[in-house]
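The values are calculated or read from the model by the stated rules, or taken from the named source; none is laboratory data. Keep in mind the model is a prediction, meaning the values are calculated, not measured. All Cβ positions, even for glycine, are placed from backbone atoms using ideal geometry, and neighbour counts span all protein chains on display.
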Amino acid sequence: MKTAEHIKHSLDAADRKELDQALLFVCLAVDGTSKKTYKSISRVGERFRKFINDNLDIIELMFGGINLQETVFPFPDVKGNIGVSFADIIYEKFRCNLAHGDELPSGYGISVQIAEHHQQFVIDIANQSMTLPQSAIYALGLACVLAPANSDQKIGSNLYNYRDTINTYVIDRWWGRLDCAKQIMDFDSQIRVKMDFKNIWPTGPMP
């Protein structure tokens, strides 16, 4: 399936409020886009994370208010080590489980957008889990659309779009146009809050 089809299916699912499915399709789009972008990287997890980290400026703008570049979340990775990035969470907790047909780990999920540019992002320290806002789906999707490796993609309809705080991106007009998009994105006035968990950072071995 082409990246354009994954993006279309993601947005269709999001419109139906089937957010797990919407995130699965956008993760598949990240998979395909990262494979084309980093042809020398054979490991799926490595290139998946790298694509997210290389596009965090766009993802932050769409995600809403959090400095994802510097925030380290006090949760264990798959090896039990405490301290994970946004890219780790998307890959390990969401992408891998959804792609393999497994349920999301307890406490992890995606919350429905309550209004335009009003998101719910929940971090449960006690249970070491989080609920992503619906905007995470759109943030990852827009990064895929703008990636130069996808300049040849096409949905075939101008009804599909993404929106940041000031711009609307009709998807079929923006495939591969990363540099152009960055010229009109409002990076200067965006809120970027670094979340500091040092006061509640877990100590000792994981149970």
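For the stretch 164-181, give me each residue that is charged (D, E, K, R) and touching a residue at least 12 places away in the same chain (Cβ under 8 Å).
Residues of the stretch 164-181 charged (D, E, K, R): 164, 172-173, 177, 179.
Listed by number, the residues that qualify are Asp164, Asp172, Arg173, Arg177.
Looking at the stretch 1-52 only, could you name the residues that are small (Gly, Ala, Ser) and closer than 19 Å to Gly101 by Cα? Can you show your working first?
So the first thing to find is which residues in the stretch 1-52 are small (Gly, Ala, Ser), and the list is 4, 10, 13-14, 22, 29, 32, 34, 40, 42, 45.
Across the stretch 1-52, the qualifying residues are Ser10, Ala13, Ala14, Ala22, Ala29, Gly32, Gly45.
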Meets criteria (more than 12 Å from the chain's Cα centre (by Cα) and either modelled with pLDDT of 90 or more or more than 22 Å from Lys198 (Cα to Cα) (or both)) for Glu103: yes
All positions within the stretch 59-76 that are in contact (Cβ under 8 Å) with a residue 24 or more places away in the chain and under 11 Å from the mean Cα position of the chain (by Cα): Ile59, Glu60, Met62, Phe63
Residue within the stretch 150-159 that is within 21 Å of Lys17 (Cα to Cα), surrounded by 14 or more Cβ atoms within 10 Å (Cβ to Cβ) and in contact with a strand residue (DSSP E or B) (Cβ under 9 Å, 6 or more places away or on another chain) present: no
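With the structure loaded, tell me whether Val193 is farther than 22 Å from Gln69 by Cα, surrounded by fewer than 13 Cβ atoms within 10 Å (Cβ to Cβ), modelled with pLDDT under 95 and among the β-branched types (Val, Ile, Thr) or whether it fails that test. Give the steps one after another, and end with the answer.
Values: farther than 22 Å from Gln69 by Cα: no; surrounded by fewer than 13 Cβ atoms within 10 Å (Cβ to Cβ): yes; modelled with pLDDT under 95: yes; among the β-branched types (Val, Ile, Thr): yes.
Criteria not met by Val193.
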In the stretch 77-91, residue modelled with the highest pLDDT [restricted to those that are more than 11 Å from the chain's Cα centre (by Cα) and either surrounded by 14 or more Cβ atoms within 10 Å (Cβ to Cβ) or small (Gly, Ala, Ser) (or both)]: Ser85
Residue list for the stretch 113-143, filter: over 15 Å from Tyr91 (Cα atoms) and modelled with pLDDT of 90 or more: Gln134, Ser135, Tyr138, Leu142, Ala143
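Go through the residues of the stretch 84-92 one by one and say whether even a single one is out of contact with any Pro (no Cβ under 7 Å at 6 or more places or on another chain) and over 29 Å from Asp15 (Cβ atoms).
yes
Suppose we filter Ala149, Ala139 for residues that are assigned to a helix (DSSP H, G or I) and either acidic (Asp, Glu) or in contact with a Lys or Arg (Cβ under 7 Å, 6 or more places away or on another chain) (or both); which single one remains? Talk me through it step by step, then tell me what you get.
Numbers: Ala139 fails: either acidic (Asp, Glu) or in contact with a Lys or Arg (Cβ under 7 Å, 6 or more places away or on another chain) (or both).
Only one candidate passes the filter, namely Ala149.
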